[in-house]
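Take a look at the structure below.
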Amino acid sequence: MLEASNKVSSEASGAQTQAAASINSALLDIAEKQNAVVSIALKFIDSDKFKSSDPTIKETLKKVIAANREAFAARITDQQSNSPEMSMEEAIANAITITIRSNRDRFADGEILVGYKVPTGIILYNVADITGYSSSRYIEDDLEEAEGAFRQAARGLAEAEGDQLYWAARGS
């Protein structure tokens, strides 16, 4: 009797085999979807829909993406999950920009301007240089300062018009 209880089958049961097959199938589906998304992104990078001030960026991007296919595909999927209305091209554009920024040391040292033509228009991103300098930051600061000056001038004009109406009404 002791001998019978010590004999444990090392063969997988039908349920275990079916579960393993289902898991393998799901993993293959995920890999196929990742490969398809990465393939679409690589074609996008090679198309006229992608432009950059760095002439070496396309080749460098391809190397970075090839080394991290799963992570890159996940970035695209995350973009679309966070904004379901986002087109595939917009998700790819965002994923590319994130990839450049997170691998900044792999690209040219200078500031990089990247542009994407997507169904909703054109997207432009500035990627700071290797030291963190970005001209867009200074342009944004200047714009905020100009908007503040405009609001202040508009308030002054409204006050002057109010004063003028007040004195015109008193003079009558």
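The values are calculated or read from the model by the stated rules, or taken from the named source; none is laboratory data. Being a predicted model, the structure only gives us computed values, none of them experimental. Cβ atoms come from the backbone with ideal geometry, glycine included; neighbour counts cover every protein chain shown. Please note that ligands, DNA and RNA were not included when accessible areas were found on the heavy atoms of the full protein model with its side chains. Shrake-Rupley method; radii C 1.70, N 1.55, O 1.52, S 1.80 Å.
Annotations
- Prolate/oblate/rounded label for region 45-86 (Cα gyration tensor, a/c 1.5): oblate
- Unsatisfied cross-links (Cα-Cα over 20 Å) in the set K33/K58; K43/K117; K58/K117: K33/K58
- For region 32-154, with all protein chains in place and a probe radius of 1.4 Å, 53% of the accessible heavy-atom surface sits on carbon or sulfur.
- The distance between label points at S53 and L124 comes to 1.0 nm (points 7 Å beyond Cα on the Cα→Cβ vector).
- Charges were assigned to the Cβ only: +1 to each Lys and Arg, -1 to each Asp and Glu. The resulting dipole of region 59-132 about its Cα centre is roughly 200 debye.
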